[in-house]
Amino acid sequence: MPRVLLVNDTDKPIAELREALQRAGYEILADVAHARALLHAVETQRPDVILIDTESPTRDTLEQLAVMNAAAPRPVVMFSDTADQSVIRAAVRAGVTTYVVDGMAPAKLAPILEVACARFDEEDKLRRRLAEVEQQLADRKDIDRAKGWLMDRHGLSEAEAFELLRGQAMKQGVRLGDVARQLLSMPGQAGP
């Protein structure tokens, strides 16, 4: 059962929303009365999705979302009365997955949350893949620098320098890029 954290940044009652979510099969966690408490609530309650009802997201709300998105990203659905493009873009940059204008219709909540979760999952896969590729590029760059240093310093061929690094990585049980960075960071050695 997906767990939903409600953030009610308005004076509007949310009883109808709570009932609609429960009927749709969601577990509703303790409410958060203000976005300032968002990160703590996410860390302690570990929701699957966050639903924010606001008239217009304030700078504080967007900052709290950005902090939460960096520390513990989750799908975020924001219902707002504001259709201003700059506000929508700022909300998306802060980590909002789905932004809905003109209030929430309880009957539409479940599909909106499903779309938000599916979109978040796809974006998360892309973020992870991007991080892997960036790490691979950084590893390759450091390995090339370490090989170059070994070739210059010890008169090794490129293949011999690579085999030396690879053997050390296997011996230490670490990645080749880590061994290259160790070599490059040693005082008086390859250096940056």
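The values are calculated or read from the model by the stated rules, or taken from the named source; none is laboratory data. Just so it is clear, the structure is predicted and the values come from calculations on it, not from any experiment. When we count neighbours, we look across all protein chains shown, and the Cβ atoms used for this are built from the backbone with ideal geometry, even at glycine. Just so you know, the surface numbers come from the protein's heavy atoms only, side chains and all, with ligands and any DNA or RNA stripped out. Shrake-Rupley method; radii C 1.70, N 1.55, O 1.52, S 1.80 Å.
Quick notes on this structure:
- Residue within the stretch 6-16 that is in a helix (DSSP H, G or I) and open to solvent by less than 80 Å² (accessible area, probe 1.4 Å) present: yes
- Single residue of the stretch 134-154 satisfying the filter (open to solvent by less than 60 Å² (accessible area, probe 1.4 Å) and among the acidic types (D, E)) that is farthest from D11 (Cα to Cα): D142
- Qualifying residue in the stretch 22-35 (condition: in a helix (DSSP H, G or I) and in contact with a helix residue (DSSP H, G or I) (Cβ under 9 Å, 6 or more places away or on another chain)): yes
- Listed conditions (1) more than 23 Å from E132 (Cα to Cα); (2) assigned to a helix (DSSP H, G or I); (3) out of contact with any Leu (no Cβ under 8 Å at 6 or more places or on another chain); (4) not charged (D, E, K, R) are all met by P187, apart from (2).
- Residue list for the stretch 155-174, filter: outside any helix (DSSP H, G or I), more than 37 Å from the chain's Cα centre (by Cα) and loosely packed, with under 14 Cβ neighbours inside 10 Å: G155, S157
- Flag for V100 being modelled with pLDDT under 95, open to solvent by less than 40 Å² (accessible area, probe 1.4 Å), aliphatic (A, V, I, L, M) and touching a helix residue (DSSP H, G or I) at 6+ places or on another chain (Cβ under 8 Å): yes
- Answer residue from the stretch 40-88, given it is within 19 Å of L29 (Cα to Cα), touching a residue at least 24 places away in the same chain (Cβ under 8 Å) and surrounded by fewer than 18 Cβ atoms within 10 Å (Cβ to Cβ) and is nearest to the chain's Cα centre (by Cα) among those: P73
- Cβ pairs under 6 Å, 6+ apart, first in the stretch 103-123 and of a type in the set (G, A, S), second surrounded by 12 or more Cβ atoms within 10 Å (Cβ to Cβ): A110/A24; A116/P75; A116/V77; A116/T97; A116/T98
- Residue in the stretch 118-133 that is touching a helix residue (DSSP H, G or I) at 6+ places or on another chain (Cβ under 8 Å) and either polar (S, T, N, Q) or open to solvent by less than 50 Å² (accessible area, probe 1.4 Å) (or both) present: no
- Of all residues in the stretch 36-64, those satisfying the criterion of being assigned to a helix (DSSP H, G or I) and farther than 17 Å from T82 by Cα are R36, A37, L38, L39, H40, A41, V42, E43, T44, Q45, E63, Q64.
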